[in-house]
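Participant: Just passing along the structure, written as C-alpha cells.
The values are calculated or read from the model by the stated rules, or taken from the named source; none is laboratory data. Worth saying up front: this structure is predicted, and the values here are computed from it rather than measured. Cβ: placed from backbone, ideal geometry, glycine included. Neighbour counts: every protein chain shown. Just so you know, the surface numbers come from the protein's heavy atoms only, side chains and all, with ligands and any DNA or RNA stripped out. Shrake-Rupley method; radii C 1.70, N 1.55, O 1.52, S 1.80 Å.
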Amino acid sequence: MSRGNRYPLTLLVVGLVLLGASAIHAYETGTWVMEVFPIFIAVPILIATYRRFPLTPLVYTLIFIHAWILMVGGHYTYARVPLGFWMRDLFHFTRNHYDRIGHFAQGFVPAIVAREVLLRRTPLQRGGWLFVIVSSICLAISACYEFIEWWSAVIGGSAANDFLGTQGDVWDTQWDMLYALIGSIVGQVTLARLHDRQLAYFSRSGISAIT
C-alpha cells in the first residue's frame, strides 16, 4: 500500500477510535447520535467511492477535522463544550460559542469538497462562477441543516434543546447560516492555491480520469 493510500486509512482508523471515545460518558446519548449522525452518512459514502473517486489529502484532512468538531459537540453538547466556555470568559461573550465554530466548519469544509467535485466532474473552471456556486451550495447545506433542527424541535419539543443549542438566541438560525457562508468564503480564499496544487498532482497522475 502506498503512502498516499495509507493516509485516508489512517484518518479513518483514528476517526473511528475518536468516535467511539466520544460516545463514552456522553452528556446525553440521543443528542450524541444526532450530532454525529453526519459521520455515519459521510464515512460509508467515502469508503464506497474511494477507488472510483479518491479525494485529495486536503479534503480528507478537512473532513476528519470537521468530524472531530462534531464528535466534541456530540460528547458535551454544543452549549457545554469547555472550549466554548474558555472563549466566553476570555472574550467576555454572553454564551458558549462553540456552535459557531461548528457552523463555520459547516461552510469551510464543504466548500473545498464541493470545489473539488465541481472542478473534477463538471465543465466549471476556476473563477467567479465557481466561487459563487460553491458558496451557494454551502449556504444551501446550512439551510437544510436548519430544517433538520426545526423538525427535531417540532418532533422532540424541549427534549431537542441540547441538539438545537440555541442558548436563548432568537437569531441563532440566522447566525448559523451566516457563519457557514463566511466559512465557505474563507475556505475558498485561504485554501484555493493549496487545493489547486493537489488537484494538479491528481491530474498529472491520471487520478482525475478515474470513472
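Participant: State the number of residues belonging to region 107-123 that are in contact with a His (Cβ under 9 Å, 6 or more places away or on another chain) and open to solvent by 20 Å² or more (accessible area, probe 1.4 Å).
Facilitator: Going through region 107-123 one residue at a time, the tally reaches 3.
Participant: May I ask you to list the residues in region 15-32 that are of a type outside the set (Gly, Ala, Ser) and either in contact (Cβ under 8 Å) with a residue 60 or more places away in the chain or under 14 Å from residue 69 (Cα atoms) (or both)?
Facilitator: Passing the criteria: 16, 18, 19, 27, 28, 31, 32.
Participant: Output the residues belonging to region 183-200 that are without any contact (Cβ under 8 Å) to a residue 12 or more places away in the chain and open to solvent by 50 Å² or more (accessible area, probe 1.4 Å).
Facilitator: 189, 190, 193, 197
Participant: Now for a separate question. When you go through 76, 98 one by one, which is the residue that is of a type in the set (Ser, Thr, Tyr), open to solvent by 40 Å² or more (accessible area, probe 1.4 Å) and closer than 30 Å to residue 25 by Cβ?
Facilitator: 76
Participant: Evaluate region 116-125: report whether one residue or more is in contact with a Gly (Cβ under 7 Å, 6 or more places away or on another chain) and of a type in the set (Ser, Thr, Tyr).
Facilitator: No - not one qualifying residue is present in region 116-125.
Participant: Next question, about the same structure. So residue 53 ticks every box in (1) surrounded by 15 or more Cβ atoms within 10 Å (Cβ to Cβ); (2) more than 15 Å from the chain's Cα centre (by Cα); (3) assigned to a helix (DSSP H, G or I) but one. Which box is left unticked?
Facilitator: Only one criterion in (1) surrounded by 15 or more Cβ atoms within 10 Å (Cβ to Cβ); (2) more than 15 Å from the chain's Cα centre (by Cα); (3) assigned to a helix (DSSP H, G or I) is unmet by residue 53, namely (3).
Participant: Against the conditions (1) open to solvent by 70 Å² or more (accessible area, probe 1.4 Å); (2) part of a loop (DSSP other than H, G, I, E, B), where does residue 26 fall short? Just the number, please.
Facilitator: (1)
Participant: Run down 72, 109, 36 and say which single residue is within 20 Å of residue 7 (Cβ to Cβ) and under 14 Å from the mean Cα position of the chain (by Cα).
Facilitator: After applying the criteria, what remains is 109.
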